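The values are calculated or read from the model by the stated rules, or taken from the named source; none is laboratory data. What you see is a predicted model; the values in this text were computed from it and never measured. Ideal geometry is used to build each Cβ from the backbone, glycine not excepted, and the neighbour counts take in all protein chains shown.
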Amino acid sequence: MKIIALMLTWALSFTVIANDKIVVQPHEKTIPIQCGQSNKLFPNLVQEYKEELFFLSKGVNSLGHELYHSLIVNHNTKTWTFIVTNKNLNTACVLSSGDNFTLFTF
């Protein structure tokens, strides 16, 4: 029985083709990111890189935790940082950062 359950789990973890459409099965991954207390991480990044808030979006995760997605940028140096903050846990994580960004207008 354990083998059948393992095989079923394995089969469901891959991409499925249904009605000629590719459907990717959601799954969790662990990636290396830097996290810290929200009230310390965000101000330190703003001070060190002189980045300002450019975009903010509120969301919620599968646990019902309140999330904030922030993009902070420095228009002069072209550096940027994308941060997700979990308000319930007072935790902020830098998902990505870089330099030499380009703004597009629509």
Looking at (1) touching a residue at least 40 places away in the same chain (Cβ under 8 Å); (2) of a type in the set (S, T, N, Q); (3) part of a strand (DSSP E or B), can you tell me which one S57 breaks? (1)
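Kindly indicate whether L95 is part of a strand (DSSP E or B), surrounded by 10 or more Cβ atoms within 10 Å (Cβ to Cβ), out of contact with any helix residue (DSSP H, G or I) (no Cβ under 6 Å at 6 or more places or on another chain) and modelled with pLDDT under 95. Quick ask: steps written out before the conclusion?
Values: part of a strand (DSSP E or B): yes; surrounded by 10 or more Cβ atoms within 10 Å (Cβ to Cβ): yes; out of contact with any helix residue (DSSP H, G or I) (no Cβ under 6 Å at 6 or more places or on another chain): yes; modelled with pLDDT under 95: yes.
Answer is yes for this residue.
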Provide a single number: the residues in segment 1-38 that are within 30 Å of I83 (Cβ to Cβ), at pLDDT below 60 and of a type in the set (A, V, I, L, M). 0
Return yes when S70 is in contact with a Ser or Thr (Cβ under 6 Å, 6 or more places away or on another chain) and surrounded by 12 or more Cβ atoms within 10 Å (Cβ to Cβ) and no when it is not. no
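So is I72 over 13 Å from the mean Cα position of the chain (by Cα), under 18 Å from Q34 (Cα atoms) and not in a loop (DSSP other than H, G, I, E, B) or not? Talk me through it step by step, then tell me what you get.
Details: over 13 Å from the mean Cα position of the chain (by Cα): yes; under 18 Å from Q34 (Cα atoms): yes; not in a loop (DSSP other than H, G, I, E, B): yes.
Against the criterion (over 13 Å from the mean Cα position of the chain (by Cα), under 18 Å from Q34 (Cα atoms) and not in a loop (DSSP other than H, G, I, E, B)), I72 qualifies.
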Find all pairs meeting these conditions: Cβ atoms under 7 angstrom apart; at least six residues apart or on different chains; first residue within segment 70-87 and over 15 Å from S57 (Cα atoms); second residue basic (K, R) and surrounded by fewer than 18 Cβ atoms within 10 Å (Cβ to Cβ). N74/K50
